[in-house]
Amino acid sequence: MELVVFIITAVIAITGAIAMLLSKNAVHSALFLLLNFAAIAVLYLLLRAPFLFAVQLIVYAGAIIVLFLFVVMLLGAERSEDDHDLLANWQRPLALGLAAALVVEAGYVLFRSRTLAVMSPTSDDLFAEPEKIAAALFTKYLLPFEITGFILLAAVAGVVVLHMQSQQTSSQA
Amino acid sequence: MIPTTYFVMLSAVLFTIGVVGVLIRRNALVVFMSIELMLNSANLALVAFAQARQDVGGQVLVFFVIVVAAAEVAVGLALLVAIFHTKRTTNIDEISTLRG
């Protein structure tokens, strides 16, 4: 039963990712990316990670996608690459060939690996309860957790500074 | 339970799709979305390994990756908007001022 859910979700995730690549309109790309993020959230549930399921939906599917859509529509960049989207003729097959080499390489490493073969998933549903993640975050990983606060503060300051500079240049022009 | 290998394989496929996106698309916004896709596939592998090892540390790491990705998206999109204000384009071939 779980395998059926996994296969359906995996197909949705891969379809969303490929459709994001292929759609010409950047708004459609963002919406297909949303589909992919939602599918990955379902996979987190299959992996017994309810906390990350919620965080994935709130942060990725909520905040990040909205930010992307907002910027795409603000810039009016939906169709800005219709003509020169395509690379030179020899570049695209080269890129696809390199990507195929990468996935074959990853698969080779994966199936050769002994540690991965030894790993067998156990069905202990409760090892990653939100309480346990919170306990780990606020004891063992307290310093990294504090540092994420500084990272977010730096991001906020950076965005404000960038916005002020772009305002100055546009008023000079 | 589903074998960990399946999740890691799916993660590898999604990562490769993200790499292809960075390689063949010229719209900076779509390149950015592909980078997000790669971050997500790495997160999926981390969660799969955390589940296999019954270790909460992997999920805490994913939490940190998500926080950094959110900060990165905010700063990156602000940069894109600033570039668009001066250059009027999101095509990454035309934004090559720093090229030597």
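The values are calculated or read from the model by the stated rules, or taken from the named source; none is laboratory data. Owing to the predicted nature of the structure, the values given are computational and were not obtained by experimental measurement. With ideal geometry, Cβ positions are generated from the backbone for all residues, glycine too; neighbour counts draw on all protein chains shown. Protein only, heavy atoms only, side chains kept; ligands, DNA and RNA dropped before computing areas. Shrake-Rupley method; radii C 1.70, N 1.55, O 1.52, S 1.80 Å.
Some notes on this structure:
- Taking the accessible area of the protein assembly as shown, probe 1.4 Å, and keeping the other protein chains in place, the carbon and sulfur fraction comes to 71%.
- Taking both sides together, the accessible area buried where A meets B is about 7000 Å² for a 1.4 Å probe.
- Loop-resident trypsin sites (Lys or Arg not before Pro) (DSSP state other than H, G, I, E or B) in segment B:1-94 with no more than 15 further Cβ atoms inside 10 Å of their Cβ: B:Arg88.
- Relative contact order of chain B: 27 percent, from C-alpha pairs under 8 Å at least 6 residues apart in sequence.
- Degrees between helix B:4-24 axis and first principal axis of chain B (Cα, 0 to 90, nearest 10): 10
- Look at the stretch B:38-44: the mean tally of other chain Cβ atoms within 10 Å of its residues' Cβ atoms is 4.
- Accessible solvent surface per residue of segment B:26-85, calculated while the other protein chains remain in place, 1.4 angstrom probe, Å²: 26
- All Cα pairs of chain B, percent lying beyond 21 Å: 46
- Contact with the other protein chains removes 50 Å² or more of accessible area, compared with the isolated chain and a 1.4 Å probe, from these residues of segment B:55-97: B:Val56, B:Gln59, B:Val60, B:Phe63, B:Phe64, B:Ile66, B:Val67, B:Leu77, B:Val81, B:Phe84.
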